[in-house]
Structures are given as structure tokens and as C-alpha cells.
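Asks: Below: one structure in C-alpha cells.
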Amino acid sequence: MNLKETGAFVSGGASGLGEATARLLVERGARVAIADVNDEKAEALASELGDAGHALHCDVTNEDAVGDAVERAVDALGGLRLVVGCAGIGWAERTVSKRGPAQLDAYERVVQVNLIGMFNVLRLGAAAMNDNGPDAEGERGAVVMTASIAAFDGQIGQIAYSASKGGIVGMTLPAARDLSTRGIRVCSIAPGPFDTPLLDVVSEEARTAVGKTIPFPPRLGRPSEYARLACEIAENPMLNGETIRLDGAYRMPPR
């Protein structure tokens, strides 16, 4: 896929991994729909990116909201060939603690946003791409989903988050197979510890300490590095059905 003049939809695009991806896509010549629940941040980023950026309100847990955002993105961008799903939340709670069993509503909320929200973006984005004419290799589009190494190395207290991200890993290959006849590729990125707003609750000292435990490079990942991989997945037609760890060879300990 040539990103120049390509229409791209980035959920969670107003901050963190999504913001970095939106910025790099525009640098590479794409037009980007910044889909987010934070209208103020999305509008600010779109204004900064100029004519190539378009802010759209989008709650990924709401089917109608995602459908409307995708439809508006197609209209605003003149078509859609790339979807990058970055919207997500975190939650830490043990299955059973001194307070008793984990809160079911918190578990449901994490799964609703991270997994069901990602599925909404995947299915509705792919449906829009299905209307595209194929390129010279028969491709109509690509979807990049955001998993996490917590899908494989879930820590104490990460049961909800790990389950939601494990679900994304589990969707990747069957989605790629489902959409293969449509000429739409699907991959997922599983980041390790990255310097994003999800870590804002952690002290700077603790963040630095975690970074030093990563084999190489011994630091937290940078959102720009996620963005580079997302763009490279879009540009490489043989990348399909794969979840790629982006973690500097890090394996999370139990706690």
C-alpha cells in the first residue's frame, strides 16, 4: 500500500500511540481521520495537521457511533484503505483480594472498550474498505489492531486487561483469513511498556525503573516507534494474520 493520498482511520487517534500514528501517516502523505471520544484533543491535533487531518467523535463501544464515524471518514478522505485501532483503557485488580472478588463491571468495561471496541472498528472499517477497487495486487485495504504483551505475559492484577488484549491476538488470524477473499489484510501489534498516557498513573521513577529492565533498548518504547511499525505493516503486502511483539525482547515478570 502506498500511503501517499491514502485515507486512514485511527481510533484513539488523539493521544498516545494513536496520535503518533496519525502524525506519521500525515508525514508520509496520507489523509487521516482522528477518531476519539476526546473531541478537544482530536480537534487540536487535526488543526495542527492541517487539511490532512479530520477530527471525528467516536466511542468505539457504540456500534452506531463507529459506523457513523467510518462513513464520515470515507466522505472526508475520499475513501478509506487503512484502519489503525488504538483506543483502549487499563485496569488493575486481582481476581480475589482482601475486598473480595474482582468487580465484574470493571472487567466488563475493559473488555467492552479494548476487545469489543476493537472488533467494531475492525468489522465496520473492513466493510467500508470492501467497496474499494483493488490495487495492482488485489488489495483493498489493511487493518492494524493494538494488542499488548500482556496478552502473553499478563501480570498480577492484569486479568481484565490481559483477557481483552488476548482476545485481539485471537481475532487476528481468523480475521485475516475471513477478509482474504476481500483483499483486506489484518495484523496486530503487541507493544511492551510504552511511554503513553496509560502510564500516567505510574511515577517517573517507577517508569524509568521498568525501562531499565528491558533488554534493549533499556527504556520505555516511544509512540513514534509504534507508528513506524503500523505504517510498515500498511506498506508491506506480505504482512498478514500476524501479531508482532514490539517490546525490545522484554518479558513481563509476575508483578
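Asks: Which count do you get for residues in the stretch 244-255 that are surrounded by 13 or more Cβ atoms within 10 Å (Cβ to Cβ) and either assigned to a loop (DSSP other than H, G, I, E, B) or not aliphatic (A, V, I, L, M) (or both)?
Replies: The qualifying residues number 6.
Asks: Could you list all residues from the stretch 72-113 that are in contact with a strand residue (DSSP E or B) (Cβ under 8 Å, 6 or more places away or on another chain) and among the small types (Gly, Ala, Ser)?
Replies: 73, 76, 78, 79, 85, 87, 88, 92, 102, 106
Asks: Filter the stretch 201-218 down to residues that are over 16 Å from residue 252 (Cβ atoms) and at pLDDT below 90 and give me whichever is surrounded by the most Cβ atoms within 10 Å (Cβ to Cβ).
Replies: Per the stated criteria, the residue is 208.
Asks: Right, here's the next one. So which residues in the stretch 66-80 are farther than 12 Å from residue 120 by Cβ, in contact with a helix residue (DSSP H, G or I) (Cβ under 8 Å, 6 or more places away or on another chain) and either of a type in the set (Lys, Arg) or surrounded by fewer than 24 Cβ atoms within 10 Å (Cβ to Cβ) (or both)?
Replies: 71, 74 - these are the residues of the stretch 66-80 that are farther than 12 Å from residue 120 by Cβ, in contact with a helix residue (DSSP H, G or I) (Cβ under 8 Å, 6 or more places away or on another chain) and either of a type in the set (Lys, Arg) or surrounded by fewer than 24 Cβ atoms within 10 Å (Cβ to Cβ) (or both).
Asks: Hey, another quick one. Residues 241, 221: which one is buried (at least 18 other Cβ atoms within 10 Å of the Cβ), of a type in the set (Gly, Ala, Ser) and touching a residue at least 24 places away in the same chain (Cβ under 8 Å)?
Replies: Residue meeting the stated conditions: 221.
Asks: Another question, then. Filter the stretch 129-147 for residues that are touching a residue at least 60 places away in the same chain (Cβ under 8 Å) and not in a strand (DSSP E or B); which is nearest to residue 115 (Cα to Cα)?
Replies: Only one residue fits best here, namely 147.
The values are calculated or read from the model by the stated rules, or taken from the named source; none is laboratory data. What you see is a predicted model; the values in this text were computed from it and never measured. Note: ideal-geometry Cβ built from the backbone for every residue, glycine included; neighbour counts use all protein chains shown.
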